[in-house]
1. Report yes if G153 is among the small types (G, A, S) and within 16 Å of ligand 2 (Cβ to nearest atom), otherwise no.
2. Tell me which residues, restricted to region 19-41, are in contact with a helix residue (DSSP H, G or I) (Cβ under 7 Å, 6 or more places away or on another chain) and of a type in the set (G, A, S).
3. Looking only at residues in region 189-216 that are touching a Lys or Arg at 6+ places or on another chain (Cβ under 8 Å) and more than 16 Å from ligand 2 (Cβ to nearest atom), which one is farthest from Y95 (Cα to Cα)?
4. So how many residues does region 1-56 have that are of a type in the set (S, T, Y), more than 15 Å from the chain's Cα centre (by Cα) and either within 17 Å of T202 (Cα to Cα) or within 13 Å of ligand 2 (Cβ to nearest atom) (or both)?
5. Check Y83, Y95 and return the single one that is more than 16 Å from ligand 2 (Cβ to nearest atom), in contact (Cβ under 8 Å) with a residue 12 or more places away in the chain, of a type in the set (S, T, Y) and in contact with a helix residue (DSSP H, G or I) (Cβ under 8 Å, 6 or more places away or on another chain).
6. If T185 passes every condition in (1) closer than 21 Å to H96 by Cβ; (2) within 16 Å of ligand 2 (Cβ to nearest atom) but one, which one does it miss?
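FYI, it's all coordinate maths here, none of it is from the lab. Worth saying up front: this structure is predicted, and the values here are computed from it rather than measured. Quick reminder, even Gly has a Cβ in these numbers, built from the backbone with ideal geometry, and neighbours come from all protein chains shown.
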Amino acid sequence: MSVILTTTGVTKSYRMGPNILEVLRGVDFAVEAGDFVAMVGASGSGKSTFLHILGALDNPDKGDVVFEGQNIARLGRGRLNEYRNRSVGFVFQFYHLLDELDVVENTVLPAMVTSGVLGWPARRGPARQRAIELLRRFGLGERLRHKPYQLSGGERQRVSIARALMNRPTLLLADEPTGNLDSKTGNDILNVLEGLNREGQTILLVTHDDRIARRAHRIVRLADGRMVADRMQ
Ligand SMILES: Nc1ncnc2c1ncn2[C@@H]1O[C@H](COP(=O)(O)OP(=O)(O)OP(=O)(O)O)[C@@H](O)[C@H]1O
Ligand SMILES: [Mg+2]
């Protein structure tokens, strides 16, 4: 299989007054096309920090993130936005949906950002159609005009997965997508992710839950600032 993304020696520290908190101390990691990787680790071990660095939502202090042969630290502003918006899709634990927008409008947002104001009128129709297809597929066909606050947690998370997939990202990054849901609803979300992976979607999933992690192809653990293969496998 071909490698999509590699990190080498990624470090990240936070200065808190006189103290320096070393969160990532040289993380080496790789994801291959078609992979379904679960990342586990204690609370505070740096899982979200690492995922944000992979999604270019945060910068490492040192080390490299190389995506399809390109070091993302060397991308200019425009290319970096394109990377954030097209190459990776991000699913957050607390959804981050916009309450003023309905389900379809939330889902098309990444396409709107990509096409820009001038390009949007021509893109709008096909983008809405793709959004509606994704939403129907995730069982939200009857919720298209709902606002996020009118949805259950599991429904919100399905909208946020649809939004993350809108621009057909090469890599889907999901930070505890089931962390805020009951186990049945969490299981439904996992079924959605498994279905996507079977169709070829590459996924990196952060989870606290060992049972969920075991459903991935591969489990990695962040511990003491480094990535290690997990013993559970
Ligand atoms: N902006 C920040 N300033 C200072 N410290 C931070 C900052 N962001 C994160 N940290 C610290 O870095 C550590 C790692 O945080 P992170 O959110 O990556 O952990 P996590 O593994 O995702 O934990 P959880 O499982 O609880 O979500 C934590 O101890 C946290 O307090
Ligand atoms: Mg976290």
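1. Numbers: among the small types (G, A, S): yes; within 16 Å of ligand 2 (Cβ to nearest atom): no.
No, not satisfied.
2. If the condition is that a residue be in contact with a helix residue (DSSP H, G or I) (Cβ under 7 Å, 6 or more places away or on another chain) and of a type in the set (G, A, S), then A38, G41 are the ones that fit.
3. Taking region 189-216 and keeping what is touching a Lys or Arg at 6+ places or on another chain (Cβ under 8 Å), we get 189-190, 192, 194, 206.
Of the ones still in play, those that are also more than 16 Å from ligand 2 (Cβ to nearest atom) are 189-190, 192, 194.
Working: I189: 13, L190: 15, V192: 16, E194: 19 Å.
Among residues in region 189-216 that are touching a Lys or Arg at 6+ places or on another chain (Cβ under 8 Å) and more than 16 Å from ligand 2 (Cβ to nearest atom), the one farthest from Y95 (Cα to Cα) is E194.
4. 5
5. Y83
6. (2)
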